[in-house]
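Participant: There's a structure below that I have some questions on.
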Amino acid sequence: MEVVIVKDAKAGGELIADGIAGLLRRKPDALLGVATGSTPLPIYDALTARVRAGSVDASRARIAQLDEYVGLPAGHPESYRSTVLRQVVEPLGLSADQFMGPDGSAEDVQAACEAYDKALAEAGGVDLQILGIGTDGHIGFNEPCSSLASRTRIKTLTEQTRVDNARFFDDIEQVPHHVITQGIGTILEARHLVLLATGEGKAEAVAQTVEGPVAALVPASALQLHPHATVVVDEAAASKLKLADYFRHTFANKPAWQGI
Ligand code: GLP
């Protein structure tokens, strides 16, 4: 696992956008897995700026959703489908047919989950998966004690996650209890995992993810099992890392051609 400590969220967004730009130069039709939440927005802004400036061609990129609420009406502005269309697909100038996600309004949720895992595999697998992290260490919506081998499935949110996400809704009663999320096993199949965490509130979860044991209690710790995982953190989110100086030293001395 590579840990990169950056000055702030904007610098993290720029670094990861550079990584994505490099991927799109090597593989123009790369399948990019995207996360929602506030944290990844600087990545999408930086990538959009590169596309608009003409330094990267994302016209053949494909976008895959990480997770989704269950039961929000189609087109609800806070469904993750609407969110990803608004924050990623439209700004990059892509069309809806370059985008895939699980169907959170399906009658048969289990079938929708299985269909999504199948669709990801048939699309050739995710090349680079962007991840955020919940304050309880969740990735996607894999809450603590999710199986590290889990596949895309329905999950029940913890109250802490509902409270954390209530800011996107008028009140907490509107936050769904159920979600569909790519499983941890599904996420681990992506070729490159890039987790961005910013702010003091994520420091404990980051420390447990990076320096704690691999444990279902901290779902993001599964990144330790992946051969190409990059954790990008700002100074505040890095504040509880024991090896922070080592991570800084390693990145400062990394050959520039390697990228992330
Ligand atoms: C939700 C999403 C996660 C995201 C998390 C943290 O739970 N399902 O993918 O990482 O929120 O969001 P934020 O970045 O806003 O803290």
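The values are calculated or read from the model by the stated rules, or taken from the named source; none is laboratory data. Computed from a predicted structure; not experimentally measured. Because the Cβ atoms are built from the backbone with ideal geometry, glycine has one as well, and the counts that use them run over all protein chains shown. When the accessible area is computed, the model is the full protein with side chains, heavy atoms only, and any ligands, DNA or RNA have been set aside. Shrake-Rupley method; radii C 1.70, N 1.55, O 1.52, S 1.80 Å.
Participant: Grab the other residues whose beta carbon is less than 10 angstrom from that of residue 29, score K and R as +1, D and E as -1, and report the net.
Facilitator: +2
Participant: R0 = 25 Å: FRET efficiency of residue 82 with residue 27, Cβ-based, nearest 0.05?
Facilitator: So the FRET efficiency works out to roughly 0.35.
Participant: Determine the share of the chain's accessible area contributed by carbon and sulfur atoms, expressed in whole percent, with a 1.4 angstrom probe.
Facilitator: Answer for the chain is 55 percent, counting heavy atoms of protein chains only.
Participant: Quick one: if the Förster radius is 30 Å, what FRET efficiency do residue 121 and residue 258 give, using the C-beta to C-beta distance and rounding to 0.05?
Facilitator: 0.55
Participant: Quick one: which of 202/240; 202/242; 10/254; 7/254 span more than 19 angstrom between C-alpha atoms?
Facilitator: 10/254
Participant: Related question: For the chain, return all DSSP H helices satisfying: extent of Cα atoms along own axis at least 24 Å; mean Kyte-Doolittle hydropathy at least -1.0.
Facilitator: What comes out of the filter, once short or polar helices are dropped, is 9-26.
Participant: Using 0.36 nm per residue, how much length does the chain from residue 97 to residue 110 gain when fully extended, once their Cα-Cα distance is taken away?
Facilitator: 2.4 nm is the gain from fully extending residue 97 to residue 110.
Participant: Continuing with this model, one more query. Springs between alpha-carbon atoms under 10 Å, Gaussian network over the chain: tell me which of 150, 55, 79 tops the mean-square fluctuations.
Facilitator: 55
Participant: Take every DSSP beta bridge with both residues inside segment 2-228 and express the antiparallel ones as a percent of the total, to the nearest 5.
Facilitator: Restricted to segment 2-228, the bridges split so that about 45 percent are antiparallel.
Participant: Taking trypsin sites (Lys or Arg not before Pro) as candidate sites, keep only those in a DSSP loop with at most 12 other Cβ atoms within 10 Å, then name the longest stretch of the chain containing none of them.
Facilitator: Here the longest segment lacking exposed loop sites spans 61-241.
Participant: To continue, here is another question. As a test of understanding, state the convex hull volume per residue of segment 2-228 from its alpha carbons, in Å³.
Facilitator: Cα-based convex hull of segment 2-228, divided per residue, equals 115 Å³.
Participant: Enter the Cα centre distance for the pair segment 171-235 and segment 109-156, rounded to the nearest angstrom.
Facilitator: Result: 11 Å between the Cα centres.
Participant: Using a 1.4 Å probe, what is the accessible area per residue for segment 126-175, in Å²?
Facilitator: Value for segment 126-175: 41 Å² per residue.
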